[in-house]
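**Q** My structure is below; once you've seen it, I'll send some questions.
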């Protein structure tokens, strides 16, 4: 695929990713010309620990699990990447070995962004540097929030915080929210540094208190305000995490 074809294919996909549409259109077209699309089947590894990526990924559709693996095979899930978000950006910017293992949880579509192309764009359009700073800073902020939750929050607060972060508001009632678990409970639990049993127990405890209604992977939150009070977090903090 030549540059013109890559630009035509990848430009509309990049425009939907947060922050990308804010850079000059010429810059976005230039970056898109160095990108390519990729499809990953469920279970496919996209980035391995120790590898030095030549760029980073933008998830268009699907779900991707970011985790760290020990030598004995133990896994700690750090994040579940949802559409519109990026991953592997830090390692590619630093040109250092990736510390994370990235694996598709479901069939997914991605855009691979060549970091060399991004560096060329930065020399021509300073706004691209602001975009990369925002992407890397957002990743650092997310990991800091994750560390705070693991160290300082109870299991109930972690589950409540997760639900609030991923909740979509009911357009008819802003205090009502809906969440679809983005992965199996074992994966979601690991991302909260909980066992699957503890995650299920806390979820059902919230249900007994009337704070959530659970139907398989679909969760309804009757009052976001009440759940926020339990989580002990402010609405602005959730938006930033």
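**Q** Residue separation times 0.36 nm, minus the C-alpha to C-alpha distance between residue 207 and residue 173: what's the value?
**A** Answer, rounded to one decimal: 10.3 nm.
**Q** Helix 115-124 against the longest principal axis of the chain: what's the angle in degrees, Cα atoms only, rounded to the nearest 10?
**A** Value to nearest ten degrees: 70.
**Q** Sticking with this structure for a sec: Would you order 112, 87 from fewest to most other beta-carbon atoms within 10 Å of each residue's own beta-carbon?
**A** By the 10 Å Cβ count, ascending, the order reads 112, 87.
**Q** Could you give the distance between the Cα centres of the range 43-112 and the range 119-168, to the whole Å?
**A** 15 Å
**Q** Still on this structure, I have one more. Neighbour counts of other C-beta atoms within 10 Å: give me 95, 202, 75 arranged from fewest to most.
**A** Least to most surrounded, the residues fall as 95, 75, 202.
**Q** Using Cα-Cα distances under 8 Å and only pairs 6 or more residues apart, what relative contact order does the chain have, in percent?
**A** Once divided by the residue count of the chain, the mean separation gives 19 percent.
**Q** Also: How high is the relative contact order of the range 3-141, in percent, counting Cα pairs under 8 Å that sit 6 or more residues apart?
**A** 32 percent
**Q** Give, in nm to one decimal, the length gained when the segment between residue 223 and residue 25 is fully stretched (0.36 nm per residue of separation minus the Cα-Cα distance).
**A** Once the chain is fully extended between residue 223 and residue 25, it gains 67.2 nm.
**Q** Grab the Cα-Cα distance for residue 48 and residue 186, subtract it from 0.36 nm times how many residues apart they are, and report the gain in nm with one decimal.
**A** Working it through step by step, the gained length comes to 47.6 nm.
**Q** Here's another thing I want to ask about it. Pick from 139, 117, 217: which is most flexible by mean-square fluctuation in a GNM of the chain where alpha carbon atoms under 10 Å apart are linked?
**A** Comparing 139, 117, 217 in the GNM, the peak value goes to 217.
**Q** Which whole-number percent gives the relative contact order of the range 153-240, counting Cα pairs below 8 Å spaced six or more residues apart?
**A** 36 percent
**Q** Among 223, 25, which comes first, second and so on when ranked by fewest other beta-carbon atoms within 10 Å?
**A** 25, 223
**Q** Classify the range 3-141 as rounded, prolate or oblate from the Cα gyration tensor: take a ≥ b ≥ c as the square roots of its eigenvalues, call it rounded if a/c is under 1.5, otherwise prolate when a/b beats b/c and oblate if not.
**A** Since a/c reaches 1.5 and a/b is larger than b/c, the shape of the range 3-141 is classed as prolate.
**Q** How would you order 183-192, 3-12 from highest to lowest mean count of nearby Cβ atoms within 10 Å?
**A** Ranked from most to least packed, the peptides come out as 183-192, 3-12.
**Q** Let me ask something else about it. What nm distance separates the two modelled labels at residue 99 and residue 165, each placed 7 Å from Cα along Cα→Cβ?
**A** Placing both labels 7 Å beyond Cα along the Cβ direction yields 1.7 nm.
No value in this document is a laboratory result; all are computed from the given coordinates. Predicted, not measured: the structure shown is a model, and the values here were computed from it. FYI the Cβ positions are ideal-geometry reconstructions off the backbone, even for glycines, and counts take in every protein chain you see.
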